[in-house]
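Chemist: Questions regarding the structure given below will be posed in turn.
The values are calculated or read from the model by the stated rules, or taken from the named source; none is laboratory data. The structure displayed is predicted, hence computed values, not measured ones. When we count neighbours, we look across all protein chains shown, and the Cβ atoms used for this are built from the backbone with ideal geometry, even at glycine.
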Amino acid sequence: MALERNEFIRRSVVGKATGVVQKPLGAWERLYGQAWARKLFLLVLLGIVWEAYGLYLGNELLFPTFGATMKALWDAVASGEMASRMAVSLKVLLIGYSIGVALAALLATTAITTRIGTDLLETLTSMFNPLPAIALLPLALIWFGLGTGSIVFVLVHSVLWAVALATHSGFLSVSNTLRMVGRNYGLTGFRYVAKILIPAAFPSILAGLKIGWAFAWRTLIAAELVFGVSSGSGGLGWFIYENKNELEIPSVFAGLLAVIAIGFVIENVVFATLEKATVRKWGMQH
Amino acid sequence: MDDVLLDVRGVTLQYKTQEHLVTATFRVDFQVHRSDRFVLLGPSGCGKSTLLKAVGWYLRPVEGEIRLKGRVVDRAGPDRVMVFQEFDQLLPWKTVKENVVFALKASRRLAGREAVDRAMHYIEKVNLTSFADSYPHTLSGGMKQRVAIARGMAMEPDILLMDEPFAALDALTRRKMQDELLQLWEGTRFTVLFVTHSIPEAVTIGNRILLLSPHPGQVKAELNSNGQDEPDPTTGKTLSRRIHEMLFEDEVEEAIGG
Ligand SMILES: Nc1ncnc2c1ncn2[C@@H]1O[C@H](COP(=O)(O)OP(=O)(O)OP(=O)(O)O)[C@@H](O)[C@H]1O
Ligand SMILES: [Mg+2]
């Protein structure tokens, strides 16, 4: 036998009566919610472990302490050497990176507009992408001699294929609806690529730029280690190599730290800002 | 016959896939007059979307021709603006206002201040003024469709093509949007070609309804609607009842014919 139930209609409560609808979080909660705060904590922890192990080992030549490394780093920074070394490295990097990205954009644009362009991109990337950039260094030395030209050449190689591939696959995954919208409003050719395809594919383009950057940075330091030799003012790689020869091991560590720091800043400041200002703001990536 | 805006004659549309040649519609004829709310109605897969894409020239007819204002259509263009069913038709990297302005600028309809003014005018018409600076991902589905409609209307095209723009909405929002569309139409009397597979929606929205048979789509009937769906005094049948029977008849025939 079914139970008799009354019908009822309620008025919803408005205003203060509903209690907390929205309230700010506490300071700790907010700090812990920030990724950088948690990462900073881990970094401090690592520094402590390093210092402890260095002291325990007691051998500057093998493994200097955190303190000794920091002192070497400070000396290099104070003398202005670190800044000039970084500037040299970053300048070469920027040249190689820009050329690589520009070529990648060109390649991906031809690939999306013509079929032969697609074949070209696919063939070239499948050939060259697996080839480590540094393996081209001997050839580059013959072609461009000792100096910036050779490094830029291998940098372009390290950036180009990764970025072109990511951009191309980004273009391909742009939804059919957006393509039709673009054509509906009369966009064709270059305008269509610039106003529809590039922004719509921006999440994968950005991913490609990040991978390209990571490849380029590693390649640069490795290449400088091999031959920052000729030019009087070498980059960070050469700084490391030089100090190793002079058995200034804390400075070697300081150089490595600088390499890490730059990588860290570019990834967590430059790219993170770019990401926040674009794909996250647009809700295309979370 | 001056009043004919869109003239579709004997249009056969086919898709070529890897293994098959699929005929989506077969020799379809219809004429849309100025200020018509012309509805294409038919069962799923009968080629309604395909027809609309052909009018927008995203697909070429293998037979027949399509004329707009007497001129043969031979390219995609902003004189026929499409509102899609998909929510992702807005550019996610532009705000509501920028989306509408973008359409006007990209098509070189208007520039600068004028484009912004026109955009805001139509955004107000769909009641989204307070969301003009919001990004699409922060809007509900119904709001996104309203932006798409505002964008289409701001173009002031010869004909607005709408492919089930409300199909992905809940029933309540859908009813509201239908009423809003009718109100907008009262305001400017634009011409719209509207695709749906819902009989009530067709009867509410349309003043003229083209009924298509199942796959491959062929014209089955063209009916008038006054939007009221009242019983006919002589037959006692409502329009939606008649449409229902006509569509149902096909299924019976198909079942018998095998
Ligand atoms: N891209 C495609 N490739 C091959 N065949 C397709 C393609 N798009 C649609 N078809 C076929 O064409 C026919 C008509 O499809 P269409 O999308 O026009 O139907 P519709 O009437 O819009 O259906 P719905 O109401 O479900 O949206 C279908 O049989 C479908 O299988
Ligand atoms: Mg459809």
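Chemist: What residue, among those in the range B:88-109 that are in contact with a Lys or Arg (Cβ under 7 Å, 6 or more places away or on another chain) and more than 9 Å from chain A (Cβ to nearest Cβ), is surrounded by the most Cβ atoms within 10 Å (Cβ to Cβ)? First the steps, then the outcome.
Modeler: From the range B:88-109, those in contact with a Lys or Arg (Cβ under 7 Å, 6 or more places away or on another chain) are B:90, B:99-100, B:102-104, B:106; that's our starting set.
Adding the requirement that they be more than 9 Å from chain A (Cβ to nearest Cβ) leaves B:99-100.
Working: B:Asn99: 26, B:Val100: 31.
Per the stated criteria, the residue is B:Val100.
Chemist: For the range B:129-164, enumerate the residues that are in a loop (DSSP other than H, G, I, E, B) and either away from every other protein chain (no Cβ under 12 Å) or not hydroxyl-bearing (Ser, Thr, Tyr) (or both). Spell out the reasoning first.
Modeler: Looking only at the range B:129-164, we keep the residues that are in a loop (DSSP other than H, G, I, E, B), and these are B:132-135, B:139-140, B:155-158, B:164.
Once the filter is applied, which keeps residues that are in a loop (DSSP other than H, G, I, E, B) and either away from every other protein chain (no Cβ under 12 Å) or not hydroxyl-bearing (Ser, Thr, Tyr) (or both), the range B:129-164 yields B:Ala132, B:Asp133, B:Leu139, B:Ser140, B:Met155, B:Glu156, B:Pro157, B:Asp158, B:Glu164.
Chemist: Still on this structure: When residues of the range B:44-65 are filtered for being at negative phi and either within 16 Å of ligand 2 (Cβ to nearest atom) or modelled with pLDDT of 95 or more (or both), how many remain? It would help to see each step written out before you state the result.
Modeler: Residues of the range B:44-65 that are at negative phi, as a first pass: B:44, B:46, B:48-56, B:58-63, B:65.
Imposing the further condition that a residue be either within 16 Å of ligand 2 (Cβ to nearest atom) or modelled with pLDDT of 95 or more (or both) reduces the set to B:44, B:46, B:48-56, B:58-59.
Qualifying residue count for the region: 13.
Chemist: Still on this structure, please answer the following. For the range B:143-174, what are the residues that are modelled with pLDDT of 90 or more and surrounded by fewer than 19 Cβ atoms within 10 Å (Cβ to Cβ)?
Modeler: B:Glu156, B:Asp158
Chemist: Does B:Leu41 satisfy the condition of being away from chain A (no Cβ under 13 Å), within 20 Å of B:Gln145 (Cβ to Cβ), within 16 Å of ligand 2 (Cβ to nearest atom) and crowded, with 16+ Cβ neighbours inside 10 Å? Spell out the reasoning first.
Modeler: Details: away from chain A (no Cβ under 13 Å): yes; within 20 Å of B:Gln145 (Cβ to Cβ): yes; within 16 Å of ligand 2 (Cβ to nearest atom): yes; crowded, with 16+ Cβ neighbours inside 10 Å: yes.
The answer is yes for B:Leu41.
Chemist: A follow-up question, please. Do any helices (runs of 4 or more DSSP H) entirely within the range A:1-96 hold 1 or more residues that are modelled with pLDDT of 90 or more, and if so, which?
Modeler: Numbers: elements: A:27-33, A:35-57, A:66-78.
Of the helices (runs of 4 or more DSSP H) lying wholly inside the range A:1-96, those with at least 1 residues that are modelled with pLDDT of 90 or more span A:35-57, A:66-78.
Chemist: If you check A:Leu160, A:Leu178, A:Leu146, which single one turns out to be more than 14 Å from chain B (Cβ to nearest Cβ), over 19 Å from A:Leu274 (Cβ atoms), crowded, with 18+ Cβ neighbours inside 10 Å and among the hydrophobic types (A, V, I, L, M, F, W, C)? Outline the logic, then answer.
Modeler: Values: A:Leu178 fails: more than 14 Å from chain B (Cβ to nearest Cβ); A:Leu146 fails: crowded, with 18+ Cβ neighbours inside 10 Å.
Sole residue among the options that is more than 14 Å from chain B (Cβ to nearest Cβ), over 19 Å from A:Leu274 (Cβ atoms), crowded, with 18+ Cβ neighbours inside 10 Å and among the hydrophobic types (A, V, I, L, M, F, W, C): A:Leu160.
Chemist: Can you tell me which residue within the range B:59-77, out of those that are basic (Lys, Arg) and within 14 Å of another protein chain (Cβ to nearest Cβ), is farthest from ligand 1 (Cβ to nearest atom)?
Modeler: B:Arg75
Chemist: Okay, next question. Can you find a residue in the range B:78-93 that is touching a Phe, Trp or Tyr at 6+ places or on another chain (Cβ under 6 Å), of a type in the set (A, V, I, L, M) and more than 16 Å from ligand 2 (Cβ to nearest atom)? Outline the logic, then answer.
Modeler: Looking only at the range B:78-93, we keep the residues that are touching a Phe, Trp or Tyr at 6+ places or on another chain (Cβ under 6 Å), and these are B:78, B:92-93.
Within this subset, residues satisfying the condition of being of a type in the set (A, V, I, L, M) are none.
No: the range B:78-93 contains no residue that is touching a Phe, Trp or Tyr at 6+ places or on another chain (Cβ under 6 Å), of a type in the set (A, V, I, L, M) and more than 16 Å from ligand 2 (Cβ to nearest atom).
Conditions tested, residue by residue: (1) more than 9 Å from chain A (Cβ to nearest Cβ); (2) farther than 18 Å from B:Gln31 by Cα; (3) among the acidic types (Asp, Glu); (4) within 16 Å of ligand 1 (Cβ to nearest atom).
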residue: B:Lys48; (1), (2), (3), (4): yes, no, no, yes
residue: B:Trp57; (1), (2), (3), (4): no, no, no, yes
residue: B:Phe84; (1), (2), (3), (4): no, yes, no, yes
residue: B:Ala111; (1), (2), (3), (4): yes, yes, no, no
residue: B:Met120; (1), (2), (3), (4): yes, yes, no, no
residue: B:Asn127; (1), (2), (3), (4): yes, yes, no, no
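Chemist: Now, a different point. Listed residues A:Ala194, A:Ala201, A:Ala222, A:Ala164; which is under 30 Å from A:Lys244 (Cα atoms) and of a type in the set (A, V, I, L, M, F, W, C)? Spell out the reasoning first.
Modeler: Working: A:Ala194 fails: under 30 Å from A:Lys244 (Cα atoms); A:Ala201 fails: under 30 Å from A:Lys244 (Cα atoms); A:Ala164 fails: under 30 Å from A:Lys244 (Cα atoms).
Just one listed residue meets the conditions, A:Ala222.
Chemist: Quickly run through the range B:195-229 and pick out the residues that are within 14 Å of ligand 2 (Cβ to nearest atom), touching a helix residue (DSSP H, G or I) at 6+ places or on another chain (Cβ under 9 Å) and not aliphatic (A, V, I, L, M).
Modeler: B:Thr196, B:His197, B:Ser198, B:Glu201, B:Pro214, B:Gly217
Chemist: So which strands (runs of 3 or more DSSP E) are wholly in the range B:27-86 and hold at least 3 residues that are within 18 Å of A:Asn184 (Cα to Cα)?
Modeler: On the way: elements: B:37-41, B:63-68, B:80-83.
Correct list: B:63-68, B:80-83.
Chemist: So if I check each of A:Leu247, A:Leu257, which one is farther than 30 Å from A:Ala108 by Cβ and not in a helix (DSSP H, G or I)? Break it down into steps so the answer makes sense when it comes.
Modeler: Details: A:Leu257 fails: not in a helix (DSSP H, G or I).
When all the criteria are applied, what remains is A:Leu247.
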